[in-house]
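All of the numbers you see were taken from the coordinates with simple rules; none came from a lab. Please read these numbers as outputs of a predicted model, since none were measured by experiment. No Cβ is skipped: glycine too gets one built from the backbone with ideal geometry, and neighbour counts run over all protein chains shown.
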Amino acid sequence: MLKHMKKLNYPTKLLTITNGQQFTKSEVSIYESDTTFNKALSSKVNNAITEIIEMNKKSDGKFHSIEFPKGIREKISDEIKNKVVKDLTAYEVRTFTAIVMLAALAKSESELYYLPKINRAYFETNLDKIYKAMGFAKNKGKTDKDLARKALSSLEHKRFIYLDHDQYIVGPLVQIHGFGTEEELSKTTLKITIDSCFFEFGAKKENTYFNIPMDLNKRLRGATKGRPNVSIEFLVKYLYQSKHCSPNNKADYGYKKLIDIMNLERHIKNRNHSRIKSTIAKGFEVCKNIGLVDRVEESENMFGELKYVIYFQ
């Protein structure tokens, strides 16, 4: 699988959307005032919430959900979030990595097909290739394979909110066609349709990328024991992005910034800062074990706040 390539281009936009960081001030203001949402965005979000609540009432066996960007999520009531939110799992984050890899493979073999009317692309694959892209060994057991299939299916029923060519989109980033019964699934050709944030077509270069290892999922499986942590998965991606952009092979991250990108804000509400620090420490340990980080030093910024100086391998 892309044996001639050791590195994979991971889309920056995909990372920011899945992490809830997509609506920065430089891209778009989500507020028309300090308290009022942009009307076009608000309408899209409200319609999607209503639709998903109705879909979940039908109980088709799948929970349909929305991943809210941080600026919107904090304004949504807990009652609504309980009905329409299902947080991303670490397996789903790794599934995105696998899909990026498989799309790159398809493109290298001229088998990634652009659909200009919907600004998406599709390719064909199968579960054996998905398992390999997830970092599984050939003889991997049923539990992991079930988790991979569950993550793939969950992403199809998960909507994200983002801006595409000045249009607000509330929809899935990934759609899968071709799922059969469990007995037939391993033999089924799956057609995967992906959003434009995954790829580039034509002369117009709109997406930016950073390098990750082709075998990142395999490295993560070797470096993490037990259930993987989604906060650490995001830390890994952001540090690969920082390494890619760093002129001196190091980066500074403030304590508050790490809480933001690792989505650890829930622990602040519970005043559980020890949990935050232990998760950050475990994240750095994983980054060392996969060959990304050499060492981390604690320091202070100009305001006396905790920061981490990260030296890459």
Residue that is surrounded by the fewest Cβ atoms within 10 Å (Cβ to Cβ), among those in the stretch 8-22 that are assigned to a loop (DSSP other than H, G, I, E, B) and more than 10 Å from the chain's Cα centre (by Cα): GLN21
Boolean, LEU264 is within 16 Å of the chain's Cα centre (by Cα) and more than 28 Å from ALA103 (Cβ to Cβ): yes
Any pair with Cβ under 7 angstrom, 6 or more apart, that starts in the stretch 146-171 at a residue that is under 20 Å from ILE49 (Cβ atoms) and ends at one that is acidic (Asp, Glu): SER154/GLU92; LEU155/GLU92; LYS158/GLU67; PHE160/GLU67; LEU163/GLU27
So LEU235, is it crowded, with 19+ Cβ neighbours inside 10 Å, within 15 Å of the chain's Cα centre (by Cα) and part of a helix (DSSP H, G or I): yes
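Yes or no, residue by residue, for (1) closer than 29 Å to VAL236 by Cβ; (2) part of a loop (DSSP other than H, G, I, E, B); (3) of a type in the set (A, V, I, L, M, F, W, C):
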position	(1), (2), (3)
SER33	no, yes, no
VAL45	no, no, yes
ASN56	no, no, no
GLU79	no, no, no
ARG94	yes, no, no
ALA98	yes, no, yes
SER110	no, yes, no
LYS117	no, yes, no
ASN139	yes, yes, no
